[in-house]
Amino acid sequence: MLIRPSHWVVWLPTLWGLGVALPPALPQQDINTINCFDLVDESQWDLVLGLNMTTASLSVVVSGAGPPVITCLNRQTVRYLVSVVGDTTSQPYLLSELHTWEGISGQLVRDPPTFPYLIYGGRYRLQFTHCGQDRNMTDSCREGRDTKTVFSDFVNIQPSVNPWCSPAQFTGNTSLLSLDTPAVKGTTTVFHFSFSPCSTVQPYDTANVTLYSADTREECGQEVTASQSVEIFTNTAGEAAIMYQSPELAGDRYYCLSVTLSHISCRLTTLERPTHCWLESDAVWVPATPIIASILPFCTSHFACAWLYIVVGGSISLILSLVMAITCVRCCERRDRNNSKQRDEVDFPGEVISLAPLTDRRGWAELHKEWESREEKARGKILLLYSPDTKLFKELQEAFKSFLDLACHCDIYDLFDDALFDTIALDPSEWLQEFVNDKDVKIVVMSSIGAYRRQQALAGEMPLNLPDNSLLDGLFTSGLRFISSYPGLATSGRVATARFEMLHLTEEGHKLGPPLSGPDTREFLIPTQLHELFCWVHQLKPLDLMGKPWVNYHLEMQLLQDALKLVRRDRTVMDRSCGGQPNFTDLGNGVTMI
């Protein structure tokens, strides 16, 4: 009996099961009409599915399907579409670009595909689609014409996702993320990133890095300099790490790096993405190498070759001195030979040494008149931050503000200004930002026991137990946090601290700590150093002024000292009750919550 070509799909498995070889004379157009994976016996699917739990991948092991399948694929010239599919639970964890392969049948034998990132638990299987062909022998898999599909058995995969990345309990920011400061070596920069991965780092884990350059730190991230795909590795701490060393870069520019991870958790649209899917480094300045570096490679900077400059400069100076000395001796000998008559001479050109006149120093009274008589004279600006520890201490600040206004010719701004209460309470940070942006504004923070304890509390070093009936208790804390955390403000020379002398609330032990202390932050003692505070605000030098600073402001100084004496006599805040804590019972709203 002659078997029709259309019946080969039914007869081929039977013939191979009986040990009959595939007929070599089968027409090519007939062998191309069958799906070779239809010949796989149900008991052989375990050999075809190459599941590797170590690398969380699934491979197509064509050799496990048996010689009939291999012979069939080698003789065919059609294309196959192989993909990983799941059930309704596991299908959302698959991506077509990662879990789909398409190619000719012979390529399946020579280089079978491997599908990565099977890290989410569930049931998965392989789908083998035989792609039909039209007259022009073009692929018709995408159109779905004349396709024949075979499914393998399901395999059960246990989840290998770390808890913070699992869909059921995604906690995002709890994973460790470390962005190390870029290291500059000559004209190259090394960037380091480390983070807690969602799953074990695999050999196929990569990251796409993009290097940007700019003239300023703020503009970094717009102009692309280089891009590359780098491997992700495991560091000594067991974390996922990325290291990128840039090529030789142009100097005198800022450089920053952005990293995009290729992990499947960063590409699935059905899940919330972890925080480390996109990373960005700080901008780093790469200085230009000196010209001498082209001659001497070890001279990567002027500082590195400082010794060479000293040696060369000293040598040139020595040679020049020798030449000048020899020239002078020769000239003197020639002059002696030409002058037959020797005589004593005194070289005196007749010029009288004159000293330039020193700048006349001004007096304090004359300086004050410039503000009193001239309305266009610019007044100073001071942002005053203080902790209203007691009612009398707050009244002392009002006296101090009055003195700064009248005697120091300054406009004073503070967080407890009743006229600006609505504006300040709405958004204290925005109100403070306006003064930080104004370069003419000086910021004075008063050191006191309340301010000291607030700073300790912000650093988590001191718990506070204060009453709940305090007014405006959060404004000073908000201002202190803003000034302390604003980048570069504490070391800009615009911030200073002040303490009242011989006052228990502002004694030496209550000085504010870093960043509001250090070599770049002045501290003024009130009232002894009020004249230095005046000069600091108006950018003057105390030694350039003569006379008594406050000769015309005795009344203002007396009012300030009287208010200071009242606070010195008030020792209520220092009384101790049971438990060793200060007694705030009778102070009411005079004490603010720290």
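The values are calculated or read from the model by the stated rules, or taken from the named source; none is laboratory data. Everything numeric in this text was worked out from a predicted model, so none of it was measured. Because the Cβ atoms are built from the backbone with ideal geometry, glycine has one as well, and the counts that use them run over all protein chains shown. To get the accessible areas, we keep the full protein, side chains included, count just its heavy atoms, and leave off ligands, DNA and RNA. Shrake-Rupley method; radii C 1.70, N 1.55, O 1.52, S 1.80 Å.
Computed on protein heavy atoms with a 1.4 Å probe, the accessible areas place Val184, Val329, Val495 in the order Val329, Val184, Val495, largest first. Our coupling estimate for the stretch 322-335, obtained by passing each phi through the Karplus curve with A = 6.51, B = -1.76, C = 1.60 and θ = phi - 60°, is 5, 5, 5, 5, 5, 5, 5, 4, 4, 5, 5, 5, 5, 5 Hz, Gly and Pro reported as x. For the stretch 188-218, the list of chymotrypsin sites (Phe, Trp or Tyr not before Pro) that fall in a loop by DSSP and count at most 13 other C-beta atoms within 10 angstrom is empty. Checking the Cα-Cα distances for Lys511/Lys541; Lys377/Lys401; Lys442/Lys565; Lys401/Lys565; Lys391/Lys565; Lys377/Lys442 against a 22 Å cut-off, the pairs over it are Lys511/Lys541; Lys442/Lys565. Taking amide H as placed 1.01 Å from N in the peptide plane, Lys442 has its amide H under 5 Å from the amide H of Lys381, Ile382, Leu383, each at least 5 places away in sequence or on another chain.
Ordered from largest to smallest accessible area (heavy atoms of protein chains, 1.4 Å probe), the residues Ser281, Ser485 come out as Ser485, Ser281. Here the Karplus relation 6.51 cos²θ - 1.76 cosθ + 1.60, evaluated at θ = phi - 60°, turns the backbone of the stretch 68-78 into coupling constants of x, 5, 5, 4, 4, 5, 5, 7, 7, 10, 9 Hz, with x for every Gly and Pro.
Note on Gln561/Ser485: beta-carbon distance plugged into 1/(1 + (r/R0)^6) with R0 of 41 Å gives a FRET efficiency of 0.70. Spatially, the stretch 216-237 and the stretch 370-399 are offset by 49 Å when compared through their Cα centroids. Heavy-atom accessible area of Thr216 with all protein chains present, probe 1.4 Å, nearest 10 Å²? The value for Thr216 is about 50 Å². What the phi angles of the stretch 88-93 give under the Karplus curve with 6.51, -1.76 and 1.60, with θ = phi - 60°, is a coupling list of 5, 8, 8, 4, x, 9 Hz, glycine and proline written as x.
Arg273 exposes around 130 Å² of accessible area when a 1.4 Å probe is run over every protein chain in place. The share of accessible area on the stretch 430-569 that comes from carbon and sulfur is 53 percent, using a 1.4 angstrom probe.
Shape class of the stretch 503-577 from the Cα gyration tensor (axes a ≥ b ≥ c, square roots of the eigenvalues): oblate, since a/c reaches 1.5 or more and a/b does not exceed b/c.
Amide H contacts of Thr189 (H built 1.01 Å from N, in plane; Pro and chain starts excluded): Ser246 sit under 5 Å, all sequence-distant by 5 or more or on other chains. Once the Cα-Cα distance is subtracted from the 0.36 nm per residue extended length, the Asp336 to Arg361 segment shows a gain of 3.7 nm. Residues Arg453, Arg123, ordered by accessible area of protein heavy atoms at a 1.4 angstrom probe radius and largest first, appear as Arg123, Arg453. Stretching Thr236 away from Ser517 to a fully extended chain increases their span by 97.4 nm, per 0.36 nm per residue minus the current alpha-carbon distance.
Our estimate of slack between Thr89 and Gln539, defined as 0.36 nm per intervening residue step minus the Cα-Cα distance, is 154.9 nm. Our summary gives the stretch 489-555 a relative contact order of 31 percent, counting only alpha carbon pairs under 8 angstrom and 6 or more residues apart. Taking amide H atoms as placed 1.01 Å from N in the peptide plane, the amide H of Thr289 lies under 5 Å from those of Gly251, each 5 or more residues away in sequence or on another chain.
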